[in-house]
Amino acid sequence: MKNYHTVFVFLLLVFACQKESTPTIVEPGVASLIAPLDAETCLDGTSINDSQSSVRFQWTAATDALSYDLVVENLLTQSSQTYTSQTNEISIALSKAEPYSWKVKSIGEAGSTPVESETWKFYLAGDAVVNYAPFPSVLISPRSGANVTPDINNIVILQWTASDVDGDLNSFQVYLDQTDGTTLNQTLDYQENQIQLEVVVENNRVYYWKIVAIDTNGNQSSSGVYAFRTN
């Protein structure tokens with residue numbers, strides 16, 4: 001009887017010392033984008049009607065991904081939509097003659113974290129369009145909602161990037177005010193893809209700014225408005 005009691009106690013100690021194993025969660029890999037190509041006019045869309053074309057999106061299969069979320073943003077309206085696919089390609093209908101960006105999120109098993117690819121841009125061709133408006137400028141600094149400390153001369157630097165599929169960027173209109181970003185501050189000639197401008201501001205104020213990019217044919221696009229506060 002004593003031996004049985006000893007064995008029983010030993011087994012209790014063994015089970016008590018065992019730690020519960022935590023299941024390993026496998027994270028999905030990053031998908032590489034294939035098509036539409038980055039910063040290129042998309043000429044291979046299939047026309048659906050006068051206003052829409054079907055665009056085929058393709059990317060590489062990501063390791064341990066069970067599905068994918070394709071995120072497409074209209075850069076003019078700044079509205080985005082998400083499309084789910086079980087494979088590494090999907091065709092969707094988009095409005096013609098407008099610029100878009102796209103990226104892919106790899107979705108893995110339950111508990112894993114979705115992983116985003118890089119972001120590409122393209123311009124969907126319209127009927128008989130021979131020249132395209134610039135991509136809307138990307139505002140870099142100050143970011144929207146940022147607190148900015150002007151230098152000793154009360155200067156803040158506005159910084160942005162711009163691109164155009166036709167390579168005919170001509171100028172930028174810089175809008176800056178304390179109301180809604182509709183007051184033209186000045187116009188700059190295009191010189192390089194990343195642009196910056198020094199502007200004089202007041203302390204403890206909220207400013208709104210945007211950039212309108214214009215090409216040599218007069219086509220233009222707006223970045224949308226960012227707001228920042230000065231210290």
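What is the calculated FRET efficiency for ALA110 to VAL225, with r their C-beta to C-beta distance and R₀ = 41 Å, to the nearest 0.05?
0.55
Cα centroid distance between the stretch 157-231 and the stretch 88-125, in Å?
Answer, in whole Å: 27.
Looking at the stretch 138-230 only, what percent of DSSP beta bridges run antiparallel? Nearest 5 please.
Here the antiparallel bridges make up roughly 90 percent for the stretch 138-230.
When only C-alpha pairs under 8 Å and at least 6 residues apart count, what is the relative contact order of the stretch 134-228, in percent?
Value for the stretch 134-228: 38 percent.
Convert each backbone phi in the stretch 78-84 into a coupling constant with the Karplus relation 6.51 cos²θ - 1.76 cosθ + 1.60 (shift: θ = phi - 60°), then list the ³J(HN,Hα) values in order as whole Hz, x for Gly and Pro.
6, 10, 10, 9, 10, 10, 9
For VAL30, enumerate residues with amide H under 5 Å from its amide H, sequence gap 5+ or separate chain, H modeled in the peptide plane.
Placed amide hydrogens put THR63 under 5 Å from VAL30.
Among (1) 17.3, 50; (2) 26.5, 100; (3) 16.3, 54, find the value of Rg and Dmax of the Cα atoms in Å that was calculated from the structure presented, and write down its label.
Among (1) 17.3, 50; (2) 26.5, 100; (3) 16.3, 54, the one derived from this structure is (2).
Expressed as an acute angle from 0 to 90° and rounded to the nearest 10, what is the orientation of the C-alpha long axis of helix 2-17 relative to the principal long axis of the chain?
Result, in degrees: 0.
Tell me, what is the percent relative contact order of the stretch 188-231, built from C-alpha pairs under 8 Å that lie six or more residues apart?
40 percent
Can you give the FRET efficiency for VAL26 and GLU118, using 1/(1 + (r/R0)^6), R0 = 25 Å, r = Cβ-Cβ distance, to the nearest 0.05?
0.65
Per residue of the stretch 103-119, what does 6.51 cos²θ - 1.76 cosθ + 1.60 with θ = phi - 60° give for ³J(HN,Hα)? Whole Hz please, x for Gly and Pro, Karplus curve as stated.
Rounded to whole hertz, the list is 8, 10, 9, 7, 9, x, 5, 4, x, 7, 9, x, 10, 8, 7, 5, 10.
Taking amide H atoms as placed 1.01 Å from N in the peptide plane, list the residues 5 or more away in sequence, or in a different chain, whose amide H sits under 5 Å from that of TYR132.
Amide H to amide H, under 5 Å and 5 or more residues apart or across chains, TYR132 pairs with ASP166.
Using the Karplus curve 6.51 cos²θ - 1.76 cosθ + 1.60 with θ = phi - 60°, what ³J(HN,Hα) values do you get for each residue of the stretch 147-152, in whole Hz, with x for Gly and Pro?
Result, rounded to whole Hz: 9, 10, 9, x, 6, 4.
Sort TYR83, TYR123, TYR190 so the one with the fewest other Cβ atoms within 10 Å of its own Cβ comes first.
Least to most surrounded, the residues fall as TYR83, TYR190, TYR123.
If you stretched the chain out fully between SER79 and ASN204, how much longer would it get, using 0.36 nm times the residue separation minus the C-alpha to C-alpha distance?
41.8 nm
Given a Förster radius of 30 Å and the C-beta distance between ASN154 and GLU192 as r, what FRET efficiency does 1/(1 + (r/R0)^6) yield to the nearest 0.05?
0.70
Roughly what would the spin-label model give for LEU66 and ASN49, points 7 Å off Cα along C-beta, in nm?
Taking the two extended label points, one gets 3.7 nm.
Taken together, the values in this text are just the output of simple stated rules run on the coordinates, not laboratory data. It should be emphasised that the depicted structure is a prediction, and the values quoted were computed from it without experimental measurement. Note that we place each Cβ from the backbone using ideal geometry, even for glycine, and neighbour counts take in every protein chain shown.
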